[in-house]
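Colleague: This is the structure I want to talk about, given as structure tokens.
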Amino acid sequence: MPHRPSTSSGRPEQDAEGRTPETPEHPEPKHLTGRPIRYYRPRGSADIRHLIDEGFQAFNAARLGEACRIFADKMLLPEHDTTIGLTVAGALTPAGLGGCMVELMERGLVDFIISTGANLYHDLHYALNFTLHRGSPFVDDVELHEDGVIRIYDVLFPASVLLETDAYIRDFLVRSRLNGPVSTAELHYALGRDLMSRQPGCEVHSVVAAAAANGVPIYTSSPGDSSIGMNIAYHELMNDSRLMIDPNKDVNEVCAFILAGRKNGCVILGGGSPKNFYLQGQPTLWEVYGIPKGGNDYFIQFTTDQVVWGGLSGATPSEAVSWGKVNPGVLPDTVVAYADSTIAFPLFCEYVVGSPHGRRPRKELVHKRDELVAVLKRDAKQVQR
Ligand SMILES: NC(=O)c1ccc[n+]([C@@H]2O[C@H](COP(=O)([O-])OP(=O)(O)OC[C@H]3O[C@@H](n4cnc5c(N)ncnc54)[C@H](O)[C@@H]3O)[C@@H](O)[C@H]2O)c1
């Protein structure tokens, strides 16, 4: 076996045998000539607000309009002081939608996020100044594989981006000295702080860094299901680390935020496990801790998932009423727009950013996790007595 040189993180490099996407043959593959994907930042366009209010009159265009008005005119009313959760599934950061999330966080319009690990992992490419390219979905994938190019539909990038991002994560894990059980919010907060210290200014083009800068906790409902989780597993096996993602902490912290909310509302992008992880907060309160909170007050979802298959991703707000996830009295304040998030979410963000309440004081829940979990525990103990 030939000697394999190590990277700074101690990981052996691939040898040339049995070439994989991790060992590109050509340093500059021809498929990477498309324009770089940049995070788009919504600016509150009056023209887009006009289009949505006056032009989007029926079908899913009208549902998108309803979603915008529920958010801007109700959830953001100062007297409602709604605690707002954003759930993120689908390849949104690779598609450049991280800028919409950054804008909402900076403006205090999102208080916590539940995301697939994939979206957070791919956000790190932007933080680390790697380039993802616009491309075509109609390409020869065998050729891409030979050229060491990764494809997410029409988003293309070199495999070296994965390897270097992974190396950064492993180096961060060593640097962080995180050891023992942590919530994913704690992990992502440390990651965001590390990004800001190593890539100053990246909080304007990274969701993970912006979340740390603005005090927004980010949770991942299935932490093993991404390259971040894969590198945490490496850290345990190869460095004997005791760092462990503790899902119980995540469940209790999200539940505590919902308990503390005067009103609660969500924006659900796609579906998947982040959707349920948010919505289960209400049943965790009434069904498990015996604390009746009354259900979610506002529910907005943009999805391509259908209700007819019986899955959670396509389940309607009215089905969620039966579980005590959504308050039965608020169905008019719930809406599902059947639309591709990559179209609907930037339009939605333009609308809300340009609305009269398009900026709120930030709740900075990342710093209140322990305090709010203590309140949850106190209330649950009182119920027991
Ligand atoms: N390296 C990694 O860490 C890693 C891990 C898993 C996935 N990925 C990549 O990241 C991408 C995103 O994966 P994911 O786990 O976030 O979720 P996903 O792509 O599996 O999507 C989950 C949910 O979002 C919905 N959805 C997806 N795209 C949508 C759209 N454009 N509009 C509306 N709804 C949509 C789906 O119907 C589903 O309910 C994958 O396509 C994959 O290429 C990377």
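Colleague: Tell me which residues, restricted to the range 341-376, are closer than 22 Å to LEU279 by Cβ and of a type in the set (D, E, K, R).
Modeller: Those that are closer than 22 Å to LEU279 by Cβ and of a type in the set (D, E, K, R): LYS363, LYS368, ARG369.
Colleague: With respect to LEU312, determine if the residue is touching a Lys or Arg at 6+ places or on another chain (Cβ under 7 Å), open to solvent by 40 Å² or more (accessible area, probe 1.4 Å) and either among the aliphatic types (A, V, I, L, M) or more than 16 Å from the ligand (Cβ to nearest atom) (or both). Please lay out each step first, then the result.
Modeller: Numbers: touching a Lys or Arg at 6+ places or on another chain (Cβ under 7 Å): yes; open to solvent by 40 Å² or more (accessible area, probe 1.4 Å): yes; either among the aliphatic types (A, V, I, L, M) or more than 16 Å from the ligand (Cβ to nearest atom) (or both): yes.
The answer is yes for LEU312.
Colleague: For the range 285-306, give me the residue count where each residue is open to solvent by 50 Å² or more (accessible area, probe 1.4 Å), in contact with a helix residue (DSSP H, G or I) (Cβ under 9 Å, 6 or more places away or on another chain) and not in a loop (DSSP other than H, G, I, E, B).
Modeller: Final tally of qualifying residues: 1.
Colleague: For a quick check of your reading of the model, give me the residue pairs whose first member lies in the range 330-358 and is under 28 Å from ILE152 (Cβ atoms), whose second is part of a helix (DSSP H, G or I) and within 9 Å of the ligand (Cβ to nearest atom), with beta-carbon atoms closer than 7 Å and at least 6 apart or on different chains.
Modeller: ALA337/ALA344
Colleague: Also, quick follow-up: Cβ-Cβ distance below 7 Å, separation of 6 or more or different chains: which pairs start in the range 147-170 with a residue that is on the phi > 0 side of the Ramachandran plot and end on one that is modelled with pLDDT under 95 and of a type in the set (S, T, N, Q)?
Modeller: GLY148/THR23
Colleague: Kindly evaluate LEU372 against the criterion of being within 16 Å of the ligand (Cβ to nearest atom), touching a residue at least 40 places away in the same chain (Cβ under 8 Å), in contact with a helix residue (DSSP H, G or I) (Cβ under 7 Å, 6 or more places away or on another chain) and part of a helix (DSSP H, G or I). Before you say what the answer is, go through the steps one by one.
Modeller: Details: within 16 Å of the ligand (Cβ to nearest atom): no; touching a residue at least 40 places away in the same chain (Cβ under 8 Å): yes; in contact with a helix residue (DSSP H, G or I) (Cβ under 7 Å, 6 or more places away or on another chain): yes; part of a helix (DSSP H, G or I): yes.
It is false that LEU372 is within 16 Å of the ligand (Cβ to nearest atom), touching a residue at least 40 places away in the same chain (Cβ under 8 Å), in contact with a helix residue (DSSP H, G or I) (Cβ under 7 Å, 6 or more places away or on another chain) and part of a helix (DSSP H, G or I).
Colleague: Output yes when any residue across the range 331-346 is away from the ligand (no atom under 15 Å from the Cβ), surrounded by fewer than 20 Cβ atoms within 10 Å (Cβ to Cβ) and either hydrophobic (A, V, I, L, M, F, W, C) or farther than 19 Å from LEU64 by Cβ (or both), and no when none is.
Modeller: Initial filter on the range 331-346 (away from the ligand (no atom under 15 Å from the Cβ)): 331-334.
Next, from what is left, pick out any that are surrounded by fewer than 20 Cβ atoms within 10 Å (Cβ to Cβ): 331-332.
With the extra rule that they be either hydrophobic (A, V, I, L, M, F, W, C) or farther than 19 Å from LEU64 by Cβ (or both), the set shrinks to 331.
Yes: the range 331-346 contains one or more residues that are away from the ligand (no atom under 15 Å from the Cβ), surrounded by fewer than 20 Cβ atoms within 10 Å (Cβ to Cβ) and either hydrophobic (A, V, I, L, M, F, W, C) or farther than 19 Å from LEU64 by Cβ (or both).
Colleague: Further question on the same structure: Among helices (runs of 4 or more DSSP H) lying entirely in the range 94-202, which contain 1 or more residues that are closer than 23 Å to PRO346 by Cα and open to solvent by less than 10 Å² (accessible area, probe 1.4 Å)?
Modeller: Values: elements: 98-106, 117-127, 141-147, 159-176, 184-198.
Filter on the range 94-202 gives 98-106, 117-127.
The values are calculated or read from the model by the stated rules, or taken from the named source; none is laboratory data. What you see is a predicted model, and the numbers here were worked out from it, not measured in a lab. Every residue, glycine as well, gets a Cβ built from its backbone with ideal geometry; the counts of neighbours run over all protein chains shown. Ligands, DNA and RNA are excluded from the accessible area calculation, which covers all protein heavy atoms including side chains. Shrake-Rupley method; radii C 1.70, N 1.55, O 1.52, S 1.80 Å.
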